[in-house]
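K.L.:
Pasting a structure below so you can have a look.
The values are calculated or read from the model by the stated rules, or taken from the named source; none is laboratory data. If you're wondering where the values come from, they're calculated on a predicted model, not measured in any experiment. Neighbour counts run over all protein chains shown; Cβ positions are idealised from the backbone, glycine included.
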Amino acid sequence: MAAAPAPSISDLTAAPQSPYNRAFFLKGTPLVADKRYSCIGLYNPKSPENVGSVMRAAGCYGVASVFYTGKRYERAADFVTDTKRVHYDIPLIGIDDLKKILPLNCVPVAVELVEGARPLPEYTHPDRALYIFGPEDGSLDKEIRDWCEDVVYIPTTGCMNLAATVNVVLYDRMAKGLNTRSGPKFR
Ligand SMILES: C[S@@+](CC[C@H](N)C(=O)[O-])C[C@H]1O[C@@H](n2cnc3c(N)ncnc32)[C@H](O)[C@@H]1O
């Protein structure tokens, strides 16, 4: 049987997406680079429960992709908390070095409870951001913090759980809506 003809590009409709987070393509919008998106980088995460919860958050807030370094996560058991199987929709990619995967024109932002960091409530998010989080049993070291353009913290009493922190940062980005650095002009 002959294969069905492929649809022409003009017939393709955009997937419905929230204007608050990643790139969104309204019908008829040409695909250009001036869009917003967010990615997540996990530095040597330990527990599959946390990575699963991060994937769940990634799905909820429309994150483009999630990267992680280290071998600890891979050695651990299968996903436990990614009950929505978000990792089938959003790429979860193991890499050697977060510095090597920074997309073009994307701003690396370290998220760490550390002296000199900027408070998240007052922070204007980059249009395109790679948010980097430390491991459950450590912190982001100075080298990666120095490499990042910004370092932000959430003013909590003591540090939060890793996946909880990811949820808070992504919620903050969503709540600030189109007020990323370039403002609503990207609409
Ligand atoms: C569970 S915390 C790390 C544990 C912590 N360094 C300690 O005292 O043992 C895991 C990661 O979550 C993020 N994190 C947790 N609470 C935070 C906060 N209040 N502000 C910014 N980042 C936070 C950081 O990226 C941190 O490296």
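K.L.:
Could you grab me the full set of residues in segment 160-183 that are near the ligand (Cβ under 7 Å from one of its atoms) and in contact with a strand residue (DSSP E or B) (Cβ under 9 Å, 6 or more places away or on another chain)?
P.N.:
LEU162, THR165
This table checks each residue for (1) under 14 Å from the mean Cα position of the chain (by Cα); (2) within 22 Å of GLU49 (Cα to Cα); (3) among the hydroxyl-bearing types (Ser, Thr, Tyr).
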{"position": "TYR61", "(1), (2), (3)": "yes, yes, yes"}
{"position": "ARG85", "(1), (2), (3)": "no, yes, no"}
{"position": "LYS100", "(1), (2), (3)": "no, no, no"}
{"position": "LEU104", "(1), (2), (3)": "no, no, no"}
{"position": "PRO119", "(1), (2), (3)": "no, no, no"}
{"position": "SER139", "(1), (2), (3)": "no, yes, yes"}
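K.L.:
Moving to a separate point now. Need pairs with beta-carbon distance below 7 Å; first residue in contact (Cβ under 8 Å) with a residue 40 or more places away in the chain and within 16 Å of the ligand (Cβ to nearest atom) and within segment 95-122, second assigned to a helix (DSSP H, G or I) and not aliphatic (A, V, I, L, M); sequence gap 6+ or separate chains.
P.N.:
Once the first residue is in contact (Cβ under 8 Å) with a residue 40 or more places away in the chain and within 16 Å of the ligand (Cβ to nearest atom) and sits in segment 95-122, its partners that are assigned to a helix (DSSP H, G or I) and not aliphatic (A, V, I, L, M) give PRO108/TRP147; ALA110/ARG145; VAL111/THR165; GLU112/ARG145; LEU120/ASP172.
K.L.:
Shifting gears a bit: Check off (1) modelled with pLDDT under 90; (2) assigned to a strand (DSSP E or B); (3) among the β-branched types (Val, Ile, Thr) for VAL32 and give me the number that stays unchecked.
P.N.:
For VAL32, the failing item is (2).
K.L.:
Out of ARG72, ARG85, which single residue is modelled with pLDDT under 90, surrounded by fewer than 14 Cβ atoms within 10 Å (Cβ to Cβ) and not β-branched (Val, Ile, Thr)?
P.N.:
Exactly one of ARG72, ARG85 is modelled with pLDDT under 90, surrounded by fewer than 14 Cβ atoms within 10 Å (Cβ to Cβ) and not β-branched (Val, Ile, Thr), namely ARG85.
K.L.:
Further, regarding this structure: Quick check: anything in segment 140-156 touching a residue at least 60 places away in the same chain (Cβ under 8 Å) and under 17 Å from SER38 (Cα atoms)?
P.N.:
No: segment 140-156 contains no residue that is touching a residue at least 60 places away in the same chain (Cβ under 8 Å) and under 17 Å from SER38 (Cα atoms).
K.L.:
A further question follows. Determine, yes or no, whether VAL63 is in a loop (DSSP other than H, G, I, E, B), touching a Cys at 6+ places or on another chain (Cβ under 9 Å) and at pLDDT 90 or above.
P.N.:
Answer is yes for this residue.
K.L.:
Here is a follow-up. Taking PRO155 and the conditions (1) in a loop (DSSP other than H, G, I, E, B); (2) more than 11 Å from the ligand (Cβ to nearest atom); (3) over 16 Å from the mean Cα position of the chain (by Cα); (4) at pLDDT 95 or above, which numbered condition does it fall short on, given that it satisfies the others?
P.N.:
With respect to (1) in a loop (DSSP other than H, G, I, E, B); (2) more than 11 Å from the ligand (Cβ to nearest atom); (3) over 16 Å from the mean Cα position of the chain (by Cα); (4) at pLDDT 95 or above, PRO155 is out only on (2).
K.L.:
Let me ask something else about it. Which ones in segment 96-145 are of a type in the set (A, V, I, L, M), surrounded by 12 or more Cβ atoms within 10 Å (Cβ to Cβ) and part of a loop (DSSP other than H, G, I, E, B)?
P.N.:
ILE101, LEU102, LEU113, VAL114, ALA117, LEU140
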